[in-house]
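What follows is a single structure, written as structure tokens, with notes after it.
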Amino acid sequence: MSSDPTRRIVILRHAKAEWSDGDDHERPLADRGRKDAPVAGRWLAGSGVTPELALCSTAARTRETWKLAVSELPERPRTVYEDRMYEASLGELIALLNEVSDEVADLVLIGHNPGMHALADALAGEADALAGEADGDLLARMNRSGFPTAAVAVLTFSGSWKSVEHGVGRLVAFWTPHSS
């Protein structure tokens, strides 16, 4: 098992969006979201994670978040706009991860709550006898924060993408644009 490659999953929740009585899928970012998204991108660029693939929800707010964040990265990863990420459940998100090619070492997901928070928590949380991990108090801090807009969680795991399930990950970073 020690020969299994270490992979990274970056989970980025979309930045703050406008509220609307119209179509939820088409809600644009609010002014604060347009300010926070590039800051999240700069944080990611400074973290040393260089995703090769981005899976982004097709909602307007996630596409706009990613456009602003990715412009801050030293290299633009291949981006796939994925309909199944909009309103995806935890199980649907894990199923998407299980489809990723093992040629990809680092992946970024740009999506929505409650799915993004649930995914980070499930991968780093306990699952039966298998226990995920978190550096320091990151998991507690992430769960206290409620995974706010433009938050970023970085998890590592060893093995194939097909092996992603509850408790396989280690939460190695959690960042929010408005943390003190």
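The values are calculated or read from the model by the stated rules, or taken from the named source; none is laboratory data. Nothing here was measured: the structure is a model prediction, and the numbers come from that model. We place every Cβ from the backbone using ideal geometry, glycine too, and count neighbours over all the protein chains shown. Keep in mind that these areas ignore ligands, DNA and RNA; they rest on the heavy atoms of the full protein, side chains included. Shrake-Rupley method; radii C 1.70, N 1.55, O 1.52, S 1.80 Å.
Going toward the positive end of the dipole of the stretch 55-180, with +1 on Lys and Arg Cβ and -1 on Asp and Glu Cβ, which of Ile110, Ala151, Ser71 do you reach last?
Highest projection toward the positive end goes to Ser71.
Taking the Cα centre of the stretch 1-119 as origin, work out the dipole magnitude from +1 charges on Lys and Arg Cβ and -1 charges on Asp and Glu Cβ, in debye rounded to 20.
Roughly 500 debye for the stretch 1-119.
What's the Cα-based Rg to Rh of the chain, Rh via Kirkwood?
Rg divided by Rh gives 0.94.
For a quick check of understanding: with a 1.4 angstrom probe and all protein chains in place, what accessible area in square angstrom does Arg61 have, to the nearest ten?
For Arg61, the solvent-accessible surface is approximately 10 Å².
Given a cut-off of under 8 Å on Cα pairs at least six residues apart, what relative contact order in percent is computed for the chain?
Reported as a whole number, the value is 30 percent.
Build a GNM of the chain with springs between Cα atoms under 10 Å: which of Ser71, Ser20, Ser160 gets the top mean-square fluctuation?
Ser20
Cut-off under 16 Å on the C-alpha distance; same-chain residues fewer than 8 positions from Lys162 excluded. Which aspartates and glutamates are left, in chain and number order?
Asp4, Glu92, Glu99, Asp102, Glu103, Asp106
Using a/c under 1.5 as the rounded threshold, could you call the stretch 25-64 rounded, prolate or oblate? The axes a ≥ b ≥ c are square roots of the C-alpha gyration tensor eigenvalues, and prolate needs a/b larger than b/c, oblate otherwise.
Cα axes put the stretch 25-64 in the oblate bin.
Ordering Glu103, Glu75, Glu92 by accessible area with a probe of 1.4 Å, largest first, what comes out?
Glu103, Glu75, Glu92
On full extension of the chain, what length is gained from Ser47 through Tyr86, given 0.36 nm per residue of separation minus the C-alpha to C-alpha distance?
Working it through step by step, the gained length comes to 11.4 nm.
What number results when the radius of gyration of the stretch 29-102, computed over Cα atoms, is divided by 2.2 N^0.38 Å?
In units of the globular-protein estimate, the stretch 29-102 measures up at 1.14.
Give me the lysines in straight-line cross-link reach of Lys16: C-alpha distance below 20 Å, same-chain residues under 8 apart excluded.
List returned: Lys35, Lys67.
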